[in-house]
2 protein chains.
Amino acid sequence: MAKDKKKQPRPKAETPKGFRDYFGADVTERKTMLDRIAAIYHRHGFDPLETSAVETVEALGKFLPDVDRPNAGVFAWQEEAVPGGGSGDWLALRYDLTAPLARVAAQFRNDLPTPYRRYAMGPVWRNEKPGPGRFRQFYQCDADTVGAASVAADAEICAMLADALEAVGIARGDYIVRINNRKVLNGVMEAAQVGADRAEDVLRQIDKFDKVGRDGVLALLTQGRKDDSGAFIDGVGLTPAQAAPVLAFLTSKGDSNAATLDNLRAAVGASAIGAEGVDELADIAALLDAMGVGADRAVIDPSVVRGLGYYTGPVFEAELTFEILDDKGRKRQFGSVAGGGRYDGLVERFTGQKVPATGVSIGVDRLLAALRAKGIAGAEARGPVVVTVMDRDRMSDYQAIAADLRAAGIRAEVYLGNPKNFGNQLKYADKRGAPVAIIQGADEAERGVLQVKDLILGAKIAEHASHEEWKSQPAQTEVARADLVAEVQRILQ
Amino acid sequence: MAKDKKKQPRPKAETPKGFRDYFGADVTERKTMLDRIAAIYHRHGFDPLETSAVETVEALGKFLPDVDRPNAGVFAWQEEAVPGGGSGDWLALRYDLTAPLARVAAQFRNDLPTPYRRYAMGPVWRNEKPGPGRFRQFYQCDADTVGAASVAADAEICAMLADALEAVGIARGDYIVRINNRKVLNGVMEAAQVGADRAEDVLRQIDKFDKVGRDGVLALLTQGRKDDSGAFIDGVGLTPAQAAPVLAFLTSKGDSNAATLDNLRAAVGASAIGAEGVDELADIAALLDAMGVGADRAVIDPSVVRGLGYYTGPVFEAELTFEILDDKGRKRQFGSVAGGGRYDGLVERFTGQKVPATGVSIGVDRLLAALRAKGIAGAEARGPVVVTVMDRDRMSDYQAIAADLRAAGIRAEVYLGNPKNFGNQLKYADKRGAPVAIIQGADEAERGVLQVKDLILGAKIAEHASHEEWKSQPAQTEVARADLVAEVQRILQ
């Protein structure tokens, strides 16, 4: 048997490729952010829903890139068919929070209130090639209203999104919720006499507006143009008259919602669906106004194109407008942190009935990165007060000291490694990010006092001080045992 | 293609067998409980750790029942080996939070502080036959200290466990943390001259102490006994002299920790490992005392046997001592809600080095059930104030009303379903658990007033009132628009 044992190599202590661990402040910062968002959602009448990580492949559906293998894009496996046990079903990890919502909305349609407002926060999994900053497990944070046909539901979600961004610390003026409507685009297509067969092509060119500008899009919609490399890009082949409504749509953003809506009404011309879309946007603008959400927070903006192909009615996007430095040190706007819109067919796959739904998804990692870039998150990485151990036999005294600090609400711990080398204890305190170390040798215990070492001040002094100054140890104070809690509280303030 | 479409049946809207969804209060009650526990862990210097749900089968190891198939007990699948993509590795969902901790402690051993105190909370998955109340995904909530050989780490975890139980609402006196030590048992085995080959058998009989009592265990340790059905159960075959230390161990619980420790010292006789075990328990008792945790909260108790086979040193268990009614209406103690102890070999599989570790796991679902049984959780299932829609064209007014309530911190929503049938709106408010409904028709709007309907009072009246009383609607009040928030706040108090 010894031979067998030798053959067994030690397992590698590694996460699977594309997965990672989150330590300490990484966990608490995200949690704090999500808690604040949840409080806003809750106040708006949304209920939490937590579905399991595992769904049947059948229920999840294939919303991810469609290929032959059932496990492309998702992590999937087949259960063994065991009597009374495994069913032989294909199971998979959820790849988003919308597919499980669809299943829940269908499964519990007789029990859930209609409309059903729910929020969900949690990890999702993608079986994709991992890359830098791209992981195969990541958080999503969604809020959706299922069963409400009125655009009041969309307006409410836009207002709630603005509230949520402010709740996590994004100042008013540092973000904008931009709102568009797929129906307006459909109206523009009608006005431009573009059929369904070419709508996708037109949408693709519209999406380049930010990069190539008005004239660039005009060329791409008509005869084509040379790109920067000199290569010729074929146009969609519209006539200039056909392209006109599309360009009018793209450049319809005015100084006010009213002006934008006027421009959009002109762009959709006689299209009924287009007029309906503009009316919906007008309703949303009025509802936002009634909810006290001004145009400085949420605005009608026809340049929101992302998602127009997927959604069926209003679409929205939250953008952070403050600037950060990119990898190359150039200033750029932080950009989009949330998006959503109205979609049909959520429950239809299961029941055959169309159920109107609208929702938003916040990019958890992106928003957290924004908070860190603004210095809103990331500051509270303070470790516990570390009670050092000078005398192994007096562990009870040290634990009593820590217990006293904790009773006063102060995060505190006793050093529990080998106490022989005192330098190691201070290194440990440093590694823990401890703001304060407590030291009590036999002599001090006899006198009823302790040394309180201000490690933050100590680190500052160490950076600048001369050897003499350093030796005088201004960051270390002797206090009576009874005064310990007050002294530590003073330092932590 | 139409034929293909027909062949595709509608997917079933169902969770996989053994999985479930958590709605509303189910989610928030668990979250509130875990948040309170996390705050206690954090104050004790423990850091959160969130590992991914997916690990390699190799890293997870086979701590679950060992069989030939790699996916027995766990949900596992093999990645496709794709250049630049899947590695061909077997991946699996974590089945507990300890195996990932072992991997992390090995992977980051040069970066983590030593000792490393961490807590983790999250779902784990078991590929087991589901049963009533037994799900294949459930929460665990663990705290462990890795790299601390001192029993001060064990004492600290016991004290922290007591604090955590009080933090979630279990009153002092309604729980007890009971502490034992595997080394004492080993000492008893030495004193009884029981070799390693029969230790497991003896342990199994000891475990029956609660059921069969002192004489029953004596018989089972020696020649065997008839059970209730008349069947003869073979004994382990010890002599009465050999069985004596075992029985002394089992009945060593005294009126105080000191008395118990004296009895244990007698039970282990001349065994060195036994004496070490008793000394450790004495240290733990002294440390708990120093931390202000009296014997009413944590106590040395040799009857803690569960886990003795698995752990290598101190073991502990938290029991809720209040009575509940079981399925048959009989009173019984609620029982165990947490357990843990000291174990070696956590990191050894990966590095070859023994690293001492100790930890506790709280049974999340059991503790939550206990809180519900005590009426501590489960009360806060109050829905939002529902603003009803009398006039579809005045949606902005209704949204403004809801926004005003929310601005005052009141959970509120506008009814977003089809407003045609007012009865449906009140049914919706009922389904939502709404405490208040707001009603404003055109007439009321003109007069600048609203109807505030106290649905809780209304429900009470409806239970008892005569038709006349009911018609007088004492639960409905007309208030001026400006007084709305104050009136709703009055009702919600």
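A short reminder: the numbers here are calculations on the coordinates, not readings from a lab. What you see is a predicted model; the values in this text were computed from it and never measured. Please note: Cβ atoms are built from the backbone with ideal geometry, for glycine as well, and neighbour counts cover all protein chains shown.
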Quick one: in chain A, whose Cβ comes closest to the A/B rotation axis, and how close in angstrom?
-> A:Trp77, 2
Considering every residue in A:122-128, what mean count of other chain Cβ atoms within 10 Å of its Cβ is obtained?
-> 3
Please work out how much length the chain gains when fully extended from B:Asp344 to B:Ile324, using 0.36 nm per residue of separation minus the C-alpha to C-alpha distance, in nm with one decimal.
-> 3.5 nm
For A:Gln140, which sequence-distant residues (separation of 5 or more, or a different chain) have an amide H within less than 5 Å of its own amide H, given hydrogens modelled in the peptide plane?
-> A:Gly122, A:Val124
How far is B:Phe138 from the same spot in each other copy, in nm, shortest first, if each label point sits 7 Å from Cα toward Cβ?
-> 3.3
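Volume per residue, Å³, of the convex hull around the alpha-carbon atoms of chain A? Provide the component values of the computation, followed by the final result.
Values: hull volume 134.8 nm³, N = 493.
In chain A, the Cα convex hull volume per residue is 273 Å³.
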The protein assembly as shown: radius of gyration over Cα atoms, expressed as a fraction of 2.2 N^0.38 Å = 1.09
Net charge, B:Val305 excluded, C-beta distance under 15 Å - Lys, Arg +1, Asp, Glu -1 = +2
Give me A:Val436, B:Val452 ranked fewest to most by other Cβ atoms within 10 Å of their Cβ, as a rough exposure proxy.
-> B:Val452, A:Val436
For an R0 of 45 angstrom, estimate the FRET efficiency from the Cβ-Cβ distance between A:Asp279 and A:Ala231 and round to the nearest 0.05.
-> 0.60
A correct Karplus calculation of ³J(HN,Hα) over region A:433-447, with 6.51 cos²θ - 1.76 cosθ + 1.60, θ = phi - 60°, whole Hz and x for Gly and Pro, returns x, 5, x, 9, 10, 10, 10, 8, x, 4, 4, 5, 4, 4, 7
For region B:362-413 and region A:262-334, write down the distance between their C-alpha centroids in whole Å.
-> 30 Å
Just counting partner chain Cβ atoms within 10 Å, what average do the residues of peptide B:151-161 show around their Cβ?
-> 3
Sorted shortest first, the nm distances from the B:Ala408 label point (7 Å along Cα→Cβ) to its counterparts in the other copies are 4.1
Here the averaged projected area of region B:385-492, based on the convex hull of its alpha-carbon atoms and given in nm², is 6.6 nm²
What list of ³J(HN,Hα) couplings, whole Hz, do you get for region A:332-344 from phi and the Karplus terms 6.51, -1.76, 1.60, once you set θ to phi - 60° and write x for glycine and proline?
-> 8, 5, 4, x, 6, 10, 7, x, x, x, 9, 9, 9
One decimal, nm, shortest first: give the distances between the label point of A:Leu325 and those of the same position in the other copies, each label point 7 Å from Cα along Cα→Cβ.
-> 6.9
So if we plug the beta-carbon distance of A:Ala480 and A:Asp430 into 1/(1 + (r/R0)^6) with R0 = 30 Å, what FRET efficiency do we get, rounded to 0.05?
-> 0.65
Fewest first, what order do B:Ile170, B:Ile439 take by the number of other Cβ atoms within 10 Å?
-> B:Ile439, B:Ile170
Determine, for each peptide in A:384-395, A:46-57, A:269-280, the mean count of other beta carbons within 10 angstrom over its residues, then list the peptides with the highest first.
-> A:46-57, A:384-395, A:269-280
Calculate one ³J(HN,Hα) per residue across region B:145-162 by plugging θ = phi - 60° into the Karplus curve 6.51 cos²θ - 1.76 cosθ + 1.60, and present them in order as whole Hz with x for glycine and proline.
-> 10, 9, x, 10, 7, 5, 5, 4, 5, 5, 4, 4, 5, 5, 5, 5, 4, 4
Provide a whole-number value for the mean count of partner chain Cβ atoms within 10 Å of the Cβ atoms in peptide A:38-46.
-> 5
Taking H placed 1.01 Å from N in the peptide plane, check which residues at least 5 places from A:Leu112 or on another chain put their amide H under 5 Å from its amide H.
-> none
How high is the FRET efficiency from A:Arg172 to A:Glu446, r the C-beta distance, R0 60 Å, rounded to 0.05?
-> 0.50
